[in-house]
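Colleague: Structure incoming, see below.
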Amino acid sequence: MGAIGRLSADNFWFLFRFHIAILLGLAAMYGLGPAFVAVQNALTGGEVEYRQLADTVPYKYIGFVAGSLLMTLPTIAWAEGRWSARSAVTVLLVVLAIIVIFDVLLTNVQLPPNANV
Amino acid sequence: MELVLEYVARGVYAAFFTPEGAFNWLPTVMVLAGLLTGIAVGATPGLNGPFAMALSLPLLISFFGVSDRALLPVLGFLIGIMKGATIGGAVPAILFNTPGTPDALMTTLDGYPMAKKGLGVKALRIAHFSSVSGDTLSDIVLFVAAPVLAVMIENVLDVPEKAALIILSLAFMAAVAGKSPLKAITIGIFGMLLALIGTTLSGYGPRMTFGIAALGNGLPLTSAILGVLVLSEVLVAMEDIARNRSSDLASLPPGDARANRLTWLDIRQLSPTIFRSAAIGTIVGALPGIGTTLAATLGYEAARRTSRTPEAFGTGLPEGVAATEAANSAVSGANLIPVMSLGIPGNFAAVFIILAVESVGEFTLGPSVFRFTEIKVIEDYGTVINKDLVVAFSIFTLMVIGNVFNWTIGGVFLRSLGVLARVPRSLMLPIVFLITLTAVYAQDGGFVAIWVVIAFGVLGYILRKLEISILPFVIGFLLAPRLEELVRGGYSASGGDPYFLLKSPIALAFLILAGALLVFAGRGRH
């Protein structure tokens with residue numbers, strides 16, 4: 001561990017790696033839904049925009065679910081030194097619970113990235 | 001006295017009934033829900049009370065809105081968490097030698113050896129009894145001290161003195177928290193500067209935004225505080241786990257049910273220790289910036305020094321568990337004394353109480369709350385009354401309700417949570433991270449909130465690594481707008497005298513005391 005009372009290169013290396021996972025997760029959260037719609041448009045010849053589908057299941061959850069998994073599972077595996085099915089199932093259940101609370105029970109808020117599209 | 005009782009009665013009534021006279025079960029249920037959540041959170045390693053308060057505040061606001069009626073349910077839940085979390089921290093401390101919350105560290109010293117002897121359940125019973133006793137005593141002190149202190153302050157202090165008092169509080173926190181008072185006060189001032197971004201009290205439009213339009217309304221308050229408090233702790237803990245991968249949850253011997261009972265004799269023998277520690281915790285809690293961990297350490301040391309068998313401490317002595325738990329739980333009520341009487345938070349839990357009050361309804365904390373305005377009914381107008389004072393007594397009522405739940409069902413719930421103590425932090429912390437990001441996005445409405453929470457998380461991580469206390473930063477950030485308002489008010493009232501703060505003898509005394517505190521604390525550390 002980096003020495004207490006000062007910052008070492010190790011600490012910055014940790015911050016860098018941790019935030020790479022977070023930024024990848026956020027990028028997926030922001031971009032995967034629109035990317036999915038773009039691919040769908042390319043396959044079907046449609047011209048619909050993600051903005052029009054941002055309140056429609058499953059489009060509105062694609063980015064959030066993928067981004068959540070991408071930012072949590074690697075960090076858990078890194079901390080534990082291994083990948084585990086238990087972690088994946090737990091995170092999936094938590095993501096489901098977050099969707100139920102923030103999107104189903106609460107009607108006045110939006111999950112990422114739907115307030116920004 | 002009659003007027004005081006009238007306000008108390010109205011406060012108690014408002015905690016149970018709507019203004020229309022219908023029974024209102026919501027605040028009571030929210031206190032219970034908060035208490036159980038708090039106990040569960042405290043029992044889960046890696047989580048603590050301020051974590052849970054931070055994550056639930058955006059959710060509560062989304063559920064209940066920001067009207068006056070939402071205030072008591074929201075505060076009830078937060079108060080419940082605050083009370084429950086310190087008690088819950090004893091579960092992993094006793095059963096697995098892992099403090100669930102930082103202040104439960106001292107509980108491991110005698111709690112875990114008791115568990116190894118097959119007396120884990122008895123240790124939990126002692127922890128619960130001591131904890132709730134300490135909390136109750138501390139609440140009683142709060143109910144008496146906060147109004148008295150507030151009335152004194154309101155009678156004596158004017159605008160310049162109140163501004164100087166905020167500066168003194170910040171200096172006190174910098175002096176007692178962390179290793180370097182100079183660094184702490186510097187970071188406190190930095191927090192104040194960041195809070196001034198975008199605010200428009202100057203009348204000249206947004207300031208210090210560096211041309212970034214998104215900063216026009218200032219940094220989102222909840223995101224910034226969640227970042228520096230919650231995210232930074234997640235980062236530090238994740239780094240620690242990633243570097244020290246280990247699991248040492250040992251299996252404990254089964255206990256004898258009879259030996260694990262808490263008898264009247266036990267209670268009689270432990271009472272002096274509990275009372276002494278509760279008094280220590282209450283005094284420590286009333287001073288801003290001094291945390292529960294110090295209260296637990298002082299309580300434990302006092303019990304050891306006054307014991308006939310000090311050498312037995314650390315080997316599984318019930319007095320050790322009682323001393324620690326009574327002290328750390330007594331902090332939670334008393335730390336609301338500066339919040340209720342001055343509007344100044346003394347620790348992280350109090351920060352979230354203030355955040356809730358600032359976000360919901362029109363109630364504001366501070367000395368003016370305890371103005372005992374005469375209650376008059378004027379025809380065709382309504383009742384003239386200090387509504388804030390009624391709310392304050394409703395909050396006290398919620399705390400009493402929390403204590404009643406804690407005495408009655410808190411212990412049973414506490415003893416059933418051994419399983420939570422086995423949840424690995426490596427799994428819990430990234431989930432807390434995800435929930436934090438989602439909550440700030442939902443409350444503050446977009447990715448700006450996420451960038452702010454991450455930036456403040458990194459800032460908090462750096463401060464923690466450098467062993468600079470985060471509390472002065474948070475308090476500076478939180479209190480800067482009020483300080484600016486007071487300074488501007490005082491400056492205007494003095495006719496534009498730039499030395500107005502130095503011309504009030506009390507304000508001058510506060511400022512000199514603030515400087516002296518920093519100088520002496522700095523020298524003491526060297």
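The values are calculated or read from the model by the stated rules, or taken from the named source; none is laboratory data. All values reported here derive from a predicted model rather than from experimental measurement. Cβ atoms come from the backbone with ideal geometry, glycine included; neighbour counts cover every protein chain shown.
Colleague: Only one residue in B:234, B:228, B:141 is among the hydrophobic types (A, V, I, L, M, F, W, C), within 14 Å of chain A (Cβ to nearest Cβ), part of a helix (DSSP H, G or I) and crowded, with 19+ Cβ neighbours inside 10 Å, so which one is that?
Modeller: From the options B:234, B:228, B:141, the qualifying one is B:234.
Colleague: Please determine, by comparing only the residues of segment B:377-393 that are of a type in the set (D, E, K, R) and closer than 29 Å to residue B:142 by Cβ, which one is surrounded by the fewest Cβ atoms within 10 Å (Cβ to Cβ).
Modeller: Filtering first and then ranking leaves B:387.
Colleague: Evaluate segment B:431-445: report whether one residue or more is hydrophobic (A, V, I, L, M, F, W, C), away from chain A (no Cβ under 14 Å) and under 21 Å from residue B:80 (Cβ atoms).
Modeller: No: zero hits.
Colleague: Test residue B:426 against the stated conditions and say whether it is more than 24 Å from the chain's Cα centre (by Cα) and crowded, with 18+ Cβ neighbours inside 10 Å.
Modeller: yes
Colleague: Among the residues of segment B:381-397, is there at least one that is outside any strand (DSSP E or B) and at pLDDT below 85?
Modeller: Checked against the condition, which is being outside any strand (DSSP E or B) and at pLDDT below 85, segment B:381-397 yields at least one hit.
Colleague: Looking at residue B:173 and the list (1) under 18 Å from residue B:347 (Cα atoms); (2) surrounded by fewer than 24 Cβ atoms within 10 Å (Cβ to Cβ), which single condition is not satisfied?
Modeller: Failing condition for residue B:173: (2).
Colleague: Quick one: how many residues across segment B:237-266 are crowded, with 16+ Cβ neighbours inside 10 Å and at pLDDT 85 or above?
Modeller: Qualifying residue count for the region: 6.
Colleague: If you don't mind, another one. Across segment A:59-86, which residue is surrounded by the most Cβ atoms within 10 Å (Cβ to Cβ) among those that are hydroxyl-bearing (Ser, Thr, Tyr) and under 20 Å from residue A:20 (Cα atoms)?
Modeller: Restricting to residues being hydroxyl-bearing (Ser, Thr, Tyr) and under 20 Å from residue A:20 (Cα atoms), the top hit is A:68.
Colleague: If I filter segment B:210-223 down to residues being buried (at least 16 other Cβ atoms within 10 Å of the Cβ) and without any contact (Cβ under 8 Å) to a residue 40 or more places away in the chain, which single residue comes out as farthest from residue B:477 (Cα to Cα)?
Modeller: Result: B:215.
Colleague: Still on this structure, I have one more. Among the residues of segment A:54-78, which ones are without any contact (Cβ under 8 Å) to a residue 40 or more places away in the chain, in contact with a Phe, Trp or Tyr (Cβ under 8 Å, 6 or more places away or on another chain) and aliphatic (A, V, I, L, M)?
Modeller: Listed by number, the residues that qualify are A:62, A:73, A:77.
Colleague: Let me ask something else. Evaluate segment B:475-497: report whether one residue or more is under 30 Å from residue B:90 (Cα atoms) and either more than 9 Å from chain A (Cβ to nearest Cβ) or not in a helix (DSSP H, G or I) (or both).
Modeller: yes
Colleague: Residues to consider are B:450, B:435; find the one that is within 23 Å of the chain's Cα centre (by Cα) and either surrounded by 21 or more Cβ atoms within 10 Å (Cβ to Cβ) or assigned to a helix (DSSP H, G or I) (or both).
Modeller: After applying the criteria, what remains is B:435.
Colleague: Need at least 3 residues that are closer than 22 Å to residue B:409 by Cβ and within 20 Å of the chain's Cα centre (by Cα) per element, so show me which helices (runs of 4 or more DSSP H) inside segment B:43-104 make the cut, counting only ones lying wholly within it.
Modeller: In segment B:43-104, B:49-64, B:71-88 are the helices (runs of 4 or more DSSP H) which contain 3 or more residues that are closer than 22 Å to residue B:409 by Cβ and within 20 Å of the chain's Cα centre (by Cα).
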